Every structure is written in C-alpha cells, then in structure tokens.
Amino acid sequence: MTRNAKFGAALMALLTLIYTGLLANTAITLLLLEEPLAKVIGALILIFPILAIWVTIREFIFGTQIEKLASKIEREGKWPHFDFELRPSGRPTRESADRVFAAYAKGAEENPEDFMAWFSLGLAYDAAGDRKRARASMRKALKLFAAN
C-alpha cells in the first residue's frame with residue numbers, strides 16, 4: 001500500500017471516529033432523558049457508532065493481512081503477470097480484464113487449495129471491476145495461506 005493510500009485510510013478512520021463520537025454523544029444524551037421514546041431512539045442510534053467502529057477495525061485488519069501477503073508474494077518473485085491492454089489512465093480495458101480473469105478463474109477452479117491461485121483471482125476480479133468477488137477471493141487466499 002502506498003504512503004498516500006495509508007494516509008487516506010488513516011484520515012478516513014479519523015473522520016469516522018470523530019463522526020461516531022458525535023453520534024455516540026447524541027445517543028447518550030437521548031438515553032439520559034426521561035422520555036421513553038428518547039431512550040429507544042438513543043439506544044438505536046448507539047448501534048451505528050458501534051457498527052462503524054467494528055467495520056473500520058475489520059477493514060484495517062483485512063487490509064493489513066492482504067498487504068503482508070502481497071509483500072511476501074512480491075519478495076518471492078511470484079507476483080502474477082497480467083497481460084492487459086491498458087487505457088490511457090493506466091487501468092485495463094474491460095475486454096482484456098475479462099480475458100485475463102477467465103484464465104485465473106480456471107486456475108483457482110483447478111487448484112482450490114492454492115492460496116496463490118485465489119490471490120491471483122482476486123487481483124483479476126479487481127481488474128475486471130468486481131470488487132465484491134475480489135474481496136471474497138482475497139479472503140479465501142488469506143484463509144488458505146493461514147492454513148499452510
């Protein structure tokens with residue numbers, strides 16, 4: 001992860017923390033009122049800061065684990081090579097990403113216990129623009145890597 005990406009993630013976490021603090025303050029204020037409806041609303045509002053903090057921590061853990069795995073793969077010289085046709089922005093064209101994706105999907109299907117196949121598939125999904133499946137593949141890669 002680049003220094004700018006880490007700074008951006010830390011900034012977003014700080015902003016989330018400030019927002020959740022303000023939201024929690026509102027929730028506690030409502031909980032302290034005598035009105036039963038205010039107490040109910042305060043309790044319901046308190047769920048959002050708790051959820052936001054949990055999700056933020058979970059995402060930082062996921063990002064850190066992926067970063068460590070990616071660093072290990074790169075150090076060992078096993079980084080997958082993608083034969084993309086690139087746009088002027090540097091992003092792959094959809095057609096080339098889909099073509100590369102098909103090859104890596106087949107590799108993960110043929111080697112379901114290979115963390116490297118799932119890691120590569122996650123990168124291919126990401127290049128194809130499918131973030132949800134990219135994250136699922138990366139989670140599977142982490143799980144298989146931890147089992148080794």
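No lab work stands behind these numbers, since they all come straight from the coordinates. This one's a predicted model, so the numbers in the text were calculated from it and none came from an experiment. As a convention, Cβ positions derive from the backbone with ideal geometry for all residues, glycine included, and neighbour counts pool all protein chains shown.
Just a few scattered comments:
- Any hit, the range 62-78, residues being within 30 Å of residue 21 (Cβ to Cβ) and aliphatic (A, V, I, L, M): yes
- With respect to the conditions (1) surrounded by 12 or more Cβ atoms within 10 Å (Cβ to Cβ); (2) aliphatic (A, V, I, L, M); (3) more than 25 Å from residue 102 (Cα to Cα), residue 47 lacks only one, and its number is (1).
- In the range 64-86, the residues that are part of a loop (DSSP other than H, G, I, E, B) and in contact (Cβ under 8 Å) with a residue 12 or more places away in the chain: 78, 80, 82, 83, 84
- Pairs with Cβ under 7 Å, 6+ apart, first in the range 87-106 and over 16 Å from residue 117 (Cα atoms), second assigned to a helix (DSSP H, G or I): 92/127; 97/127; 97/128; 98/128
- Hits in the range 105-148 (condition: outside any helix (DSSP H, G or I), of a type in the set (D, E, K, R) and either surrounded by 13 or more Cβ atoms within 10 Å (Cβ to Cβ) or within 15 Å of the chain's Cα centre (by Cα) (or both)): 114, 130
- Cβ-Cβ contacts under 9 Å between residues 6 or more apart (or on different chains), taken from a first residue in the range 9-23 that is surrounded by 11 or more Cβ atoms within 10 Å (Cβ to Cβ) to a second residue that is of a type in the set (D, E, K, R), are listed as 9/59; 13/59.
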